[in-house]
1. Is there a residue being under 25 Å from the mean Cα position of the chain (by Cα) and open to solvent by 40 Å² or more (accessible area, probe 1.4 Å) anywhere in the stretch 148-170?
2. If a residue has to be open to solvent by 10 Å² or more (accessible area, probe 1.4 Å) and hydroxyl-bearing (Ser, Thr, Tyr) to count, how many in the stretch 306-346 make the cut?
3. Open to solvent by 40 Å² or more (accessible area, probe 1.4 Å) and assigned to a helix (DSSP H, G or I), is that true of residue 350?
4. Collect the residues in the stretch 311-341 that are β-branched (Val, Ile, Thr) and under 27 Å from the mean Cα position of the chain (by Cα), keeping them in residue-number order.
5. Give the stretch 187-199 a look and list any residue that's within 21 Å of residue 256 (Cα to Cα) and either free of Cβ contacts under 8 Å to residues at least 60 places away in the same chain or of a type in the set (Ser, Thr, Tyr) (or both), or say none.
6. If you go through the stretch 1-42 one residue at a time, how many are part of a loop (DSSP other than H, G, I, E, B), within 6 Å of the ligand (Cβ to nearest atom) and hydrophobic (A, V, I, L, M, F, W, C)?
7. Just to be sure before I move on: is residue 140 within 14 Å of the ligand (Cβ to nearest atom) and either touching a residue at least 24 places away in the same chain (Cβ under 8 Å) or more than 29 Å from residue 233 (Cβ to Cβ) (or both) in the structure I sent?
8. I'd like to know if the stretch 200-211 contains one or more residues that are within 14 Å of the ligand (Cβ to nearest atom), touching a residue at least 24 places away in the same chain (Cβ under 8 Å) and open to solvent by 10 Å² or more (accessible area, probe 1.4 Å).
Amino acid sequence: MKNYDLIIVGAGPGGSIAAKTAAENGLKTIFFERGRKPGEKNSSGCGLGPRMFRDFPELMKNLTPEKCPSMRAGVAARNYFVNDNDIVAGYIMARPTESVTYEPAKSWITMNVYRSEFDPWIAEFATNAGAELKNSTLIVDLLKEDGNVCGVIDEKGEKYNAPIVIGADGVISTVAQKSGLRNRWAQHQVTITSQYDFQAVPEKINNIMGDEALAVWWGSNFPASYQVFFNDGFHQGLGNWMNWWDKNPLYYLNRVINLKYYQRLLKILEAKPRELQAHLLPWLDYPYNTHTNGVILIGDAGGFPCPLEAEGIYPAMVTGKIAAEVAAEAILSGDVSRVALKKYDNEWQKTSVGEEFESGRELWNIWKALPFSPKETMSWFVPMIMEILGGIFDWSQPHAKRIRQIVSHVKSYMPKATPFIMGYVFPLVAKIFEEDLDKIMDPKKIMKILPKLLDLLPEKKKRRSDKVK
Ligand SMILES: Cc1cc2nc3c(=O)[nH]c(=O)nc-3n(C[C@H](O)[C@H](O)[C@H](O)COP(=O)(O)OP(=O)(O)OC[C@H]3O[C@@H](n4cnc5c(N)ncnc54)[C@H](O)[C@@H]3O)c2cc1C
């Protein structure tokens, strides 16, 4: 039996930050990775959010193309809108806007990296701080004494002892299950995502995409699909909650890949498929059961990805740091009980991650109801958006007449749009502005007024020439 102050299962970004923080707090720390090295078992790549650079500046300033050659800044993001006929009906490009308050968020939306480079890079900070990393080691169970967790067992039967175990072991967390904190995720709490990774020459990507290194494909026929460009390639992924699928996830991902527009993009980028992957990802409206006697769950193991877009690396790092700090305090005080570890919840709830989850239910609901509901919502949302954005650039009629046609056509979407706005948009707005609600108009009143305002618009306009007569 080997003895430690703290055991961490998993060397993803969450586990590594927890190990680094614990070692810096003077704890004898070990973190385990089932892969031959950190990052071996993760999805091909990811976009790192700017909050990581704001909140972990000392660490992130070291992330350079020399250390992580796959780096590519996602400065601009395309949003493609694909209609029922599998035609790209239009797209909107977005960049960091004027109201963004800090660097590097003013310069780019995400910094894109491959996990096979990023995860070992971040794990090295933990080992440099003195934590012991044990690769190629699958943890299969928890050690218990008088019902309390006091260590872990690996697949070879080797035992490791510590008063606290941090579960940083991702979506299918052995620590969560063996500690009794959770069984499997329910189907509506976990998504399955399939993903193609393509290789392309960096110069081609530079010349063709420039700094547009992110895209979301909003489909009438498939759940929203994301595209992330790295230095020498990109990936295209598509997921949805487990209880959504009526067909194999690849059927929907292939719909994106087989779009004529997409095929043209592959051709001009001379992109070659490199890998096909499938991953699970917890996607909750609020994390729950995050700790018990001698156990804390962080990152994916605790269900912390963002409730709107499932950004998961930053929350894993934030919860990893807090968990290690709370563990250090608990070990020093000799009280590692569930009651003492409740401090973990109190602390993460005060962070940017906690603030995100305050509107968790409303954010989660709107994502479920819009981009992840192609048939119910996107089938009218895409043509409506295109009518509003694209209709005006049309020479089929005098422009004033076109605007009347567009307004009248948009009115025809109201029977579908109104319940959506009432059911998902207003609850979110109300939640965000809840303290100021009395200052803004009651959403129900607005919904009553809006159709009347539209009705006020006359169907026909008298021509000026008629008036002259
Ligand atoms: C397809 C896809 C795309 C994504 N894109 C993004 C993105 O662009 N940006 C973003 O921020 N997030 C993204 N996410 C979410 C992000 O990947 C996760 O939220 C994040 O990796 C969570 O970090 P973690 O440290 O909690 O867990 P993980 O990164 O999952 O790390 C867990 C580690 O534990 C190891 N492990 C598991 N079980 C055991 C065991 N029993 N014994 C030993 N080791 C074990 C695993 O091998 C792994 O290395 C994406 C997720 C998916 C699935």
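The values are calculated or read from the model by the stated rules, or taken from the named source; none is laboratory data. Keep in mind that this is a model prediction, so the values were computed, not measured. Positions of Cβ are generated from backbone atoms using ideal geometry, with glycine treated the same way; all protein chains shown enter the neighbour counts. To get the accessible areas, we keep the full protein, side chains included, count just its heavy atoms, and leave off ligands, DNA and RNA. Shrake-Rupley method; radii C 1.70, N 1.55, O 1.52, S 1.80 Å.
1. No, there is no match, as no residue in the stretch 148-170 is under 25 Å from the mean Cα position of the chain (by Cα) and open to solvent by 40 Å² or more (accessible area, probe 1.4 Å).
2. Here the count works out to 2.
3. Considered against the rule, which asks whether it is open to solvent by 40 Å² or more (accessible area, probe 1.4 Å) and assigned to a helix (DSSP H, G or I), residue 350 comes out as no.
4. 313, 318, 319, 322, 326
5. Result: 191, 193, 194, 196.
6. Result for the stretch 1-42: 1.
7. So residue 140 fits the description; yes.
8. no
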